[in-house]
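For reference, the structure is listed below as structure tokens.
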Amino acid sequence: MGIISRSAAGRKPNESMRLIVTTFIGVVFGFFVGVSFPTLSLTKLNIPSSLLPTVDLSYIEDKKSGISTQTILNAWSSTRSNNSSSTQSNDTSKIWVTSNPRGAERLAPGIIAAESDFYPRRLWGKPSEDLTIKPKYLVTFTVGYSQKKNIDAAVKKFSENFTILLFHYDGQTTEWDEFEWSKRAIHVSARKQTKWWYAKRFLHPDIVAPYDYIFIWDEDLGVEHFNAEEYIKLVRKHGLEISQPGLEPNKGLTWQMTKRRGDREVHKVTEEKPGWCTDPHLPPCAGFVEIMAPVFSRDAWRCVWYMIQNDLVHGWGLDFALRKCVEPAHEKIGVVDRQWIVHQSVPSLGNQGEVKDGKAPWHGVRERCRKEWTMFQSRMANAENAYFKSLGSNSTTH
């Protein structure tokens, strides 16, 4: 009995020590596992999807990286969804969609937002509830603050169906907040720039895609006899893709085509001075509006935007080339007589030029306008000739 007692007493300290050592090693091992686990990539763990509902991830959060538990759960949910619908790899580096816009080939088509808009958004609430109304039309004015009364009168002719966009060539923007509508308008400012400079840079077809019609107007237009909603109705009725309001006939006119006729709603052809029109279906007798107050359909503007040159900022020559963007031009380009305007011919932008050789600023501006007209015509002719030459044809367009 004594031997048995001594043997039991001799083993007890050894077993106690072994238990302590084992416990210590377990604690150390558990510590290191706990420290290293958050740095592991969960997406690389091959865990059967049937076990996922039993895994509690509520404690997994990398506070340093800002990745939340919800983000991880969403990633798991997305992975499970992809696995259930397809056996293909979900490695995003393997995405390449040639039909995507250039530069976006690596994106899944479902995430691409190829178009945008000018709709203002709130900084709070649900995005789906931001817009109480989506305007269907866009009107732009290139303005200086000295024309504020005229622009105020013009803007009031456009209903809430229109987004108002002001391009400021004099740098004054906040001053317009004296008008209530200005606080809802979009303001873009770049000093001493023209309407077509702005249009090329801020009215890309993918930006204005939500709008059925785009008005690109000067600041010196009298609109006493104009109603925008009625104008749209007439444009739709007569199938006009490019149009303008008729001009008051008692003011100085450059072209007979834009002169208002009192006996009709719309006209698409006119008679000019002898020799001015080589074809009754060609400008300036048809397929022609001026660049002071043009209105474009969405589809027509997509073509016209690409035709605007980056360095030819006055737009001279565009009016004769607009016909190339619609077919047949003599039927889809016209002047709306029932809704008419007055061109006041205020040389405000012209005065933004510089005095040179003792001449007023507008002289230099007008000289450049004429040069740009010649340059644009030359570029258009050269481009078309090069195109037909590449086809092995000597034919040209009229």
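If you go through region 212-229 and keep only what is part of a loop (DSSP other than H, G, I, E, B) and either surrounded by 19 or more Cβ atoms within 10 Å (Cβ to Cβ) or touching a His at 6+ places or on another chain (Cβ under 6 Å) (or both), you end up with Asp218, Glu219, Asp220, Val223, Phe226. Does region 375-385 contain at least one residue that is in a loop (DSSP other than H, G, I, E, B) and either surrounded by fewer than 13 Cβ atoms within 10 Å (Cβ to Cβ) or at pLDDT 90 or above (or both)? No: region 375-385 contains no residue that is in a loop (DSSP other than H, G, I, E, B) and either surrounded by fewer than 13 Cβ atoms within 10 Å (Cβ to Cβ) or at pLDDT 90 or above (or both).
Each row is one residue, and each column tells you yes or no for (1) touching a strand residue (DSSP E or B) at 6+ places or on another chain (Cβ under 6 Å); (2) modelled with pLDDT of 95 or more; (3) buried (at least 21 other Cβ atoms within 10 Å of the Cβ).
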{"site": "Pro210", "(1), (2), (3)": "no, yes, no"}
{"site": "Pro249", "(1), (2), (3)": "yes, no, no"}
{"site": "Gln256", "(1), (2), (3)": "no, no, no"}
{"site": "Asp263", "(1), (2), (3)": "no, no, no"}
{"site": "Val266", "(1), (2), (3)": "yes, yes, no"}
{"site": "Glu271", "(1), (2), (3)": "no, no, no"}
{"site": "Trp276", "(1), (2), (3)": "no, no, no"}
{"site": "Arg302", "(1), (2), (3)": "no, yes, no"}
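Looking across region 208-242, the residues that are farther than 18 Å from Ala154 by Cα and of a type in the set (Gly, Ala, Ser) come down to Ala209, Gly239.
With respect to being more than 23 Å from the chain's Cα centre (by Cα) and either at pLDDT 95 or above or surrounded by 11 or more Cβ atoms within 10 Å (Cβ to Cβ) (or both), Asn90 fits the description.
The residues listed here are Gln244, Gln172; of these, the one that is assigned to a loop (DSSP other than H, G, I, E, B) and in the same structural domain as Val304 (by TED's automatic domain parsing) is Gln172. Just one of (1) farther than 21 Å from Ser297 by Cβ; (2) surrounded by 21 or more Cβ atoms within 10 Å (Cβ to Cβ) fails for Trp196. It is (1).
Among the candidates Val223, Val269, Val235, the residue that is of a type outside the set (Gly, Ala, Ser), touching a residue at least 60 places away in the same chain (Cβ under 8 Å) and farther than 26 Å from Tyr137 by Cβ is uniquely Val269.
Would you pick out the residues in region 153-179 that are farther than 13 Å from Asp218 by Cα, free of Cβ contacts under 8 Å to residues at least 60 places away in the same chain and of a type outside the set (Val, Ile, Thr)? Those that are farther than 13 Å from Asp218 by Cα, free of Cβ contacts under 8 Å to residues at least 60 places away in the same chain and of a type outside the set (Val, Ile, Thr): Lys156, Glu160, Gly171, Gln172, Glu175, Trp176, Asp177, Glu178, Phe179. Only a single item in (1) modelled with pLDDT under 95; (2) assigned to a loop (DSSP other than H, G, I, E, B); (3) surrounded by 16 or more Cβ atoms within 10 Å (Cβ to Cβ) is not met by Thr396, and it is number (3). Given the criteria assigned to a strand (DSSP E or B) and in contact with a helix residue (DSSP H, G or I) (Cβ under 8 Å, 6 or more places away or on another chain), does His204 qualify? Spelling it out, it is not the case that His204 is assigned to a strand (DSSP E or B) and in contact with a helix residue (DSSP H, G or I) (Cβ under 8 Å, 6 or more places away or on another chain).
Per-residue answers, yes or no, for (1) of a type in the set (A, V, I, L, M); (2) in a helix (DSSP H, G or I); (3) in contact with an Asp or Glu (Cβ under 6 Å, 6 or more places away or on another chain):
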position: Leu282; (1), (2), (3): yes, no, no
position: Ala293; (1), (2), (3): yes, no, no
position: Tyr306; (1), (2), (3): no, yes, no
position: Gln309; (1), (2), (3): no, no, no
position: Trp316; (1), (2), (3): no, no, yes
position: Glu327; (1), (2), (3): no, no, no
position: Arg338; (1), (2), (3): no, no, yes
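Scanning region 101-148 for residues that are hydroxyl-bearing (Ser, Thr, Tyr) and assigned to a strand (DSSP E or B), which turns out surrounded by the fewest Cβ atoms within 10 Å (Cβ to Cβ)? So, considering only residues that are hydroxyl-bearing (Ser, Thr, Tyr) and assigned to a strand (DSSP E or B), the one surrounded by the fewest Cβ atoms within 10 Å (Cβ to Cβ) is Tyr137. Contact annotation: residue pairs with Cβ atoms under 9 Å, 6 or more positions apart or on different chains, pairing a residue in region 285-296 that is over 14 Å from Gln339 (Cβ atoms) with a partner that is part of a loop (DSSP other than H, G, I, E, B) and aliphatic (A, V, I, L, M), are Gly287/Val326; Phe288/Leu282.
Going residue by residue through region 281-291, is there one that turns out to be surrounded by fewer than 20 Cβ atoms within 10 Å (Cβ to Cβ) and more than 28 Å from the chain's Cα centre (by Cα)? Looking through region 281-291, at least one residue is surrounded by fewer than 20 Cβ atoms within 10 Å (Cβ to Cβ) and more than 28 Å from the chain's Cα centre (by Cα).
The values are calculated or read from the model by the stated rules, or taken from the named source; none is laboratory data. The shown structure was predicted, so the numbers you read here are calculated from the model rather than taken from an experiment. Using ideal geometry, Cβ is built from the backbone for each residue, glycine included, and neighbour counts are taken over all protein chains shown.
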